[in-house]
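Enquirer: Please find one structure pasted underneath; my questions will follow.
The values are calculated or read from the model by the stated rules, or taken from the named source; none is laboratory data. These numbers were taken from a predicted model, which means no experiment stands behind them. We place every Cβ from the backbone using ideal geometry, glycine too, and count neighbours over all the protein chains shown.
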């Protein structure tokens, strides 16, 4: 094709992706990666485990795009039908590969397991495809060059897919490179609503273009995605200018650049200041601690936490005074403060977080409705508490609570206002 902007499509295979339990996130990784080489993902589809439907979708996508990336359905079970669908779409045969079978047996041996008989299904390769070794799992991928159109078929497990994407596909895209690339930079914002962000930054649209800005809100955090396209060095310089302009407007609301979320931002701030953190949680049930410990290296600054769900646990584990619970109730600023101070003291941390609330769906009253959450941060300079009634179901209230508590600590670590 002569068009500088080559296009790509992602096809996620798996009936489980059509429900609410599991979402396709591989396409996001693919989109970011291929954009570095000037390839734009313009279409994404999700299809269940049906050979005919997958093959029809694949033929459709191959007609319209320079690159099609398929993820999922390469395992050994009966519902892993992607190989058969690819063979049908391309009108090709499937053959058993001794080389691929050797890879699979070596992988199981490295895991200390006998190779199950059904694993031989993964050693089948569609004619004309180059098998891709899976160094992080057992299911191999396949790469096709169809007269200039690339078809990459990867496992659905994200970290397995990512390794093949970087090792096997992206080098192929180097031959396409026109010098045009698209890059993004994400400003993570805490403690601010999407509408507030729009109001504060809209005057910059005339300078940088509205199409180059995306505002993505999610339960107490907002991601402001800046985009630029062109020659690589020029794009980076332009993003630097954009970042400075938006940071100047947004100030302390910017929690980090290209970070995964507030847990990563808080851990970085703690590391830079040489401080430690402990958490005391009631309605969030350990969610803050879980989010923090998902980040590698968190043990250097996060010392631990307590899930003090009952009043008795708040008293025994954290030293919350009984009279305080009786007078103000478990869901109150006073108890949130006492929880933050108590866990800080008990675990000898520099900072403590306390969260208590009513996540629902029951337990609310006229005075203290469902969604009411109090959170506090305690440090050497004092203790600060906030509260709000959050909208949404139990899971949403817990996510809001987690992010708001982390944002309070982040701001106090920087010496900012709540």
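Enquirer: Within the stretch 300-326, which residues are touching a helix residue (DSSP H, G or I) at 6+ places or on another chain (Cβ under 8 Å) and more than 25 Å from residue 276 (Cα to Cα)?
Expert: 311, 322, 324, 325
Enquirer: What single numbered condition from (1) touching a strand residue (DSSP E or B) at 6+ places or on another chain (Cβ under 8 Å); (2) surrounded by fewer than 18 Cβ atoms within 10 Å (Cβ to Cβ); (3) outside the structural domain of residue 11 (by TED's automatic domain parsing) fails to hold for residue 192?
Expert: Evaluating residue 192 over (1) touching a strand residue (DSSP E or B) at 6+ places or on another chain (Cβ under 8 Å); (2) surrounded by fewer than 18 Cβ atoms within 10 Å (Cβ to Cβ); (3) outside the structural domain of residue 11 (by TED's automatic domain parsing) leaves (2) as the failure.
Enquirer: Continuing with this model, one more query. With the structure loaded, tell me whether residue 284 is outside any loop (DSSP other than H, G, I, E, B), closer than 22 Å to residue 392 by Cβ, touching a strand residue (DSSP E or B) at 6+ places or on another chain (Cβ under 8 Å) and modelled with pLDDT of 95 or more or whether it fails that test.
Expert: No; evaluated as a whole, the condition is false for this residue.
Enquirer: What strands (runs of 3 or more DSSP E) lie completely within the stretch 23-120 and have 3 or more residues being in contact with a helix residue (DSSP H, G or I) (Cβ under 6 Å, 6 or more places away or on another chain), closer than 30 Å to residue 260 by Cβ and assigned by TED's automatic domain parsing to the domain that holds residue 151?
Expert: 39-47, 67-71
Enquirer: Go through (1) surrounded by fewer than 16 Cβ atoms within 10 Å (Cβ to Cβ); (2) under 23 Å from the mean Cα position of the chain (by Cα) one by one and return the number of the condition residue 264 breaks.
Expert: With (1) surrounded by fewer than 16 Cβ atoms within 10 Å (Cβ to Cβ); (2) under 23 Å from the mean Cα position of the chain (by Cα) applied to residue 264, the lone miss is (1).
Enquirer: Suppose we keep only residues that are in contact with a helix residue (DSSP H, G or I) (Cβ under 8 Å, 6 or more places away or on another chain) and surrounded by fewer than 20 Cβ atoms within 10 Å (Cβ to Cβ) within the stretch 146-172. Which one would you say is farthest from residue 223 (Cα to Cα)?
Expert: The selected residue is 146.
Enquirer: Just for the stretch 211-226: of the residues that are part of a strand (DSSP E or B) and over 12 Å from residue 194 (Cβ atoms), which one is nearest to the chain's Cα centre (by Cα)? Give the steps one after another, and end with the answer.
Expert: Within the stretch 211-226, the subset part of a strand (DSSP E or B) is 213-218, 221-226.
Restricting the remaining residues to those that are over 12 Å from residue 194 (Cβ atoms) gives 213, 225-226.
Numbers: 213: 19, 225: 14, 226: 18 Å.
Here the residue is 225.
Enquirer: Still on this model: Of the conditions (1) over 26 Å from the mean Cα position of the chain (by Cα); (2) surrounded by 22 or more Cβ atoms within 10 Å (Cβ to Cβ), residue 131 clears all except one; give me its number.
Expert: With respect to (1) over 26 Å from the mean Cα position of the chain (by Cα); (2) surrounded by 22 or more Cβ atoms within 10 Å (Cβ to Cβ), residue 131 is out only on (2).
Enquirer: Go through (1) surrounded by 13 or more Cβ atoms within 10 Å (Cβ to Cβ); (2) out of contact with any strand residue (DSSP E or B) (no Cβ under 9 Å at 6 or more places or on another chain); (3) free of Cβ contacts under 8 Å to residues at least 40 places away in the same chain and name the single condition residue 206 misses.
Expert: Against the list (1) surrounded by 13 or more Cβ atoms within 10 Å (Cβ to Cβ); (2) out of contact with any strand residue (DSSP E or B) (no Cβ under 9 Å at 6 or more places or on another chain); (3) free of Cβ contacts under 8 Å to residues at least 40 places away in the same chain, residue 206 comes up short only on (1).
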